[in-house]
Amino acid sequence: MSKSNKSGTIKRVSKPLYEQELERLQAELVSMQQWIIETGARVLVIFEGRDAAGKGGAIKRIIQYLNPRSARVVALPTPSEREKGQWYFQRYIEHLPTTGEIVLMDRSWYNRAGVERVMGYCTDEQYHRFLEQVPQVEKMLVDDGIILVKYWFSVSDTVQEQRFHSRLEDPMRRWKLSDTDLFSITRWEDYSRAKDDMFAATDRSYAPWWTIESDDKRAARLNSIKHLLDQIPYEPREPEKVTIPERPVAASYERPSRDHTKFVTDHAKSLKQKV
């Protein structure tokens, strides 16, 4: 776990150590996925937490080298008018994993217990019904054989605000900063109470919440991957041996003239010339 020094700054995992361990853990994830595919296991991982807590970065590192045919990220947008008229869980159910698949939910049905509760996007009746139903829904998923893992990324108020300012100044991450995100600063205590109530109602033995301290993003990523690997009862799989054949000598094929091919402009070449 990361610790603060006397100045209040976070002592982070060094970059070389982080990259070395990340590579090792990602190799294990690939082996784990092969086990999931071979055994037909179904894995659902839910990522929740405050805005800018580092959920997206952790998901990105988990999925980075996995086979996209049997691993996917689900990040649903605001529900449509039609979806608002459905049973609350309905639009999530269709995204559950099938045999041999791992699904990572970047936010989930717990939106109702968090942002919808705090921002008044749902009624009190809808909120309390959700808290009553979600343990039953998750119990049915687990009883049916789905491996369910729930993570809460915990970030301090000072680090969250630092990350918001960083996004504001970064044109490639500015899209991550929404009005709802900014409300999380002024409604900090409301979100804290909502999270506590959510845990009290939905932290069950068959579907527990696991908290990841994420002021240090590098540590949070390593800790989440290592813990996820520990939650899946997989047996390491060695890739099948593959022999690359020798390329046969070209016999009768003649490549068409390059004059008839449309090539993309070599932008990289112009950069090399500037060096």
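The values are calculated or read from the model by the stated rules, or taken from the named source; none is laboratory data. As the structure is a prediction and not an experimental result, all values here were calculated from the model. A quick note on method: Cβ atoms are made from the backbone with ideal geometry, for glycine too, and the neighbour counts reach across all protein chains shown. Surface areas here come from the heavy atoms of the whole protein model, side chains and all, with no ligands, DNA or RNA. Shrake-Rupley method; radii C 1.70, N 1.55, O 1.52, S 1.80 Å.
In terms of the mean number of neighbouring beta-carbon atoms within 10 Å, the peptides 32-43, 159-170 order highest first as 32-43, 159-170.
Can you tell me the accessible area per residue over the stretch 182-258, all protein chains present, probe 1.4 angstrom, in square angstrom?
Details: 5800 Å² over 77 residues.
Ligands and nucleic acids excluded, the result is 75 Å² per residue.
Extension gain for residue 82-residue 231 works out to 50.0 nm (0.36 nm per residue, less the C-alpha to C-alpha distance).
3J(HN,Hα) along the stretch 215-228, derived from phi through the Karplus expression 6.51 cos²θ - 1.76 cosθ + 1.60 where θ = phi - 60°, amounts to 4, 9, 4, 4, 5, 4, 5, 5, 5, 5, 5, 4, 5, 4 Hz, with x in place of Gly and Pro.
Please compute the net charge surrounding residue 79, taking Lys and Arg as +1 and Asp and Glu as -1 over other residues with Cβ under 15 Å from its Cβ. Walk me through the numbers on the way to the answer.
Numbers: positive: 82, 84, 91, 107, 112; negative: 81, 83, 94, 116.
That sum, taken over residues with Cβ under 15 Å, equals +1.
Here the stretch 92-110 and the stretch 188-210 have alpha carbon centers that stand 20 Å from each other.
Report summary: the helix-based calculation at 222 nm, which adds -39500 (n - 2.57) for every DSSP H run with n ≥ 4 and divides by the residues of the chain, gives -14000 deg cm²/dmol.
Amide hydrogen proximity for residue 101: with H placed 1.01 Å from N in the peptide plane, the residues at 5 or more positions away or on another chain lying under 5 Å are 43. Close amide H pairs (under 5 Å, H built 1.01 Å from N) link residue 215 with 156, residues at least 5 positions away or on another chain.
Multiplying the residue separation of residue 274 and residue 211 by 0.36 nm and removing their Cα-Cα distance gives an extension gain of 17.8 nm. The HN-Hα couplings worked out from phi for the stretch 85-95 by the Karplus form 6.51 cos²θ - 1.76 cosθ + 1.60 (θ = phi - 60°) are x, 7, 4, 3, 7, 4, 6, 7, 4, 5, 9 Hz, whole numbers, x standing for Gly and Pro.
Database remark: amide H of residue 46 closer than 5 angstrom to the amide H of 105, 149, 150, 151 (H placed geometrically; neighbours at sequence offset of 5 or more, or on other chains; Pro and chain starts carry no H). So how far apart, in nm, are the two label points at residue 28 and residue 95 if each is 7 Å from Cα heading toward Cβ? So the two model labels end up 2.7 nm from each other. The local environment of residue 194, defined by Cβ-Cβ distances under 12 Å, has a net charge of 0 under the rule Lys, Arg +1 and Asp, Glu -1. With 0.36 nm allotted per residue and the present C-alpha distance subtracted, the residue 144-residue 253 stretch has 33.7 nm of extension available.
Label-to-label distance for residue 243 and residue 39 is 3.2 nm, based on points extended 7 Å past Cα in the beta-carbon direction.
With a 1.4 Å probe and every protein chain kept in, tell me what percent of the accessible surface of the stretch 98-226 is carbon plus sulfur. Please list the in-between numbers first.
On the way: 3230 of 6590 Å².
On the stretch 98-226, the fraction of accessible area on carbon and sulfur atoms equals 49 percent.
The alpha-carbon atoms of the stretch 146-275 define a convex hull whose volume equals 305 cubic angstrom per residue. Starting from a Cα-only point model with no solvent, please compute log10 I(q)/I(0) by Debye for the chain at q = 0.07, 0.13 1/Å. One equal scatterer on each Cα of the chain leads to -0.35, -0.99. Backbone geometry of the stretch 133-148 corresponds, through the Karplus equation with coefficients 6.51, -1.76 and 1.60 at θ = phi - 60°, to 3J(HN,Hα) couplings of 7, 4, x, 5, 4, 5, 5, 5, 5, 5, 4, 7, x, 6, 7, 10 Hz, x marking Gly and Pro.
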